[in-house]
Amino acid sequence: MKTPLVSAIITCYNYGEFVGEAIESLLAQTYSNIEIIAIDDGSTDNSLQVINKYQSNLRVISRANHGIVYTRNEGLRIAKGEYAVFLDADDFFDKGYIEQMVAIAEKTHADVVYPNWHVFGDQEYRTEFAEFDVQKLIKQELHCTAESLIRRSATVDHEFESVAIAEDWDYFLGLALAGKKFVLAADSYINYRVRTGTRATTKTLWENMYDFCAILEKWQQKYPDVVNHLDLPIGCGMQRDGQIDELKQKLATSEAMVKKQDQDARQMRHEISRLDKDIHKIYRSKKYRIGETIARPLALVKKPHRETK
């Protein structure tokens with residue numbers, strides 16, 4: 001198999017606790033033709049010290065803080081590989097990740113190969129995405145992270161732009177709307193760390209909707225026949241309505257189960273009450289009293305049998 005050079009770009013800002021794991025995951029890749037670039041975006045913790053421990057195996061860039069958008073663009077500018085892949089410093093790759101992604105790109109001539117997600121950290125789950133469709137990307141029904149494999153020749157005239165939010169979504173929308181080819185790596189997962197209190201977790205989808213729509217409005221001006229900036233909120237609203245209907249159905253099912261259990265409990269109480277009355281009648285019956293009178297002296301006479309030695 002052809003082994004084109006892949007530029008793996010680690011972006012780091014105050015991730016000294018995790019960046020070593022990210023670097024180790026790149027050094028452990030089964031794909032050998034990798035250029036590793038680590039960009040320390042003005043960290044104030046021990047990130048740079050951790051990165052420098054590996055400086056014989058990678059290119060290190062350290063400077064004042066300019067933010068993730070500037071850092072992503074810088075990484076693409078200095079990369080030498082035919083392909084580029086970003087790795088956020090708090091995430092990591094499985095050892096066969098780059099080899100699998102390159103194989104798909106070479107076979108399908110894809111410009112972008114995007115993975116599924118293995119979310120870990122404060123949450124733990126896996127997400128499998130659909131085959132690519134630009135409308136699904138617009139409606140955020142599938143996601144392409146910067147940890148997708150990107151053919152660098154496809155990035156000409158394209159830069160990361162959205163400083164406020166969702167720079168990856170904005171960037172890949174631009175590539176997709178320009179006609180670049182996207183292919184899903186169905187068997188590959190990015191290990192995506194989620195931590196409470198970070199930028200990705202502090203706001204809900206609806207709290208970010210204004211900024212999302214602003215991004216779509218930008219692309220609608222350029223591609224009015226493809227993009228409608230209202231498609232995302234409408235789609236999310238319909239999805240929420242569907243979730244509400246599903247919850248209502250689950251509630252109705254639960255209420256029916258509770259009602260059935262309540263009926264069963266009432267029936268059991270009725271049956272117990274009936275049995276109590278029957279037992280009480282037996283105790284008070286003449287036959288029971290006669291039998292008890294006969295049995296009592298027999299119980300006194302009968303003694304347990306003991307063996308003699």
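Read-outs: derived from the displayed coordinates by stated rules, not from any lab. Remember, predicted model here, so these are calculated numbers, not experimental data. Glycine gets a Cβ as well: all are built from the backbone with ideal geometry, and neighbour counts include every protein chain shown.
Structure values in brief
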item	result
Relative contact order of the stretch 1-140, pairs being alpha-carbon contacts under 8 Å that are 6 or more residues apart, as %	30 percent
Proximal charge balance of E24 [Cβ under 14 Å; K/R count +1, D/E count -1]	-3
By average C-beta atoms within 10 angstrom, highest first, the peptides 259-270, 158-169, 106-117	106-117, 158-169, 259-270
Kirkwood Rh, Cα atoms: Rg over Rh of the stretch 3-147	0.96
Local electrostatic count, S188, Cβ distance below 13 Å [Lys/Arg +1, Asp/Glu -1]	-3
Surrounding net charge for R59, when Lys and Arg each add one and Asp and Glu each subtract one, Cβ distance under 11 Å	0
Prolate/oblate/rounded label for the stretch 104-196 (Cα gyration tensor, a/c 1.5)	oblate
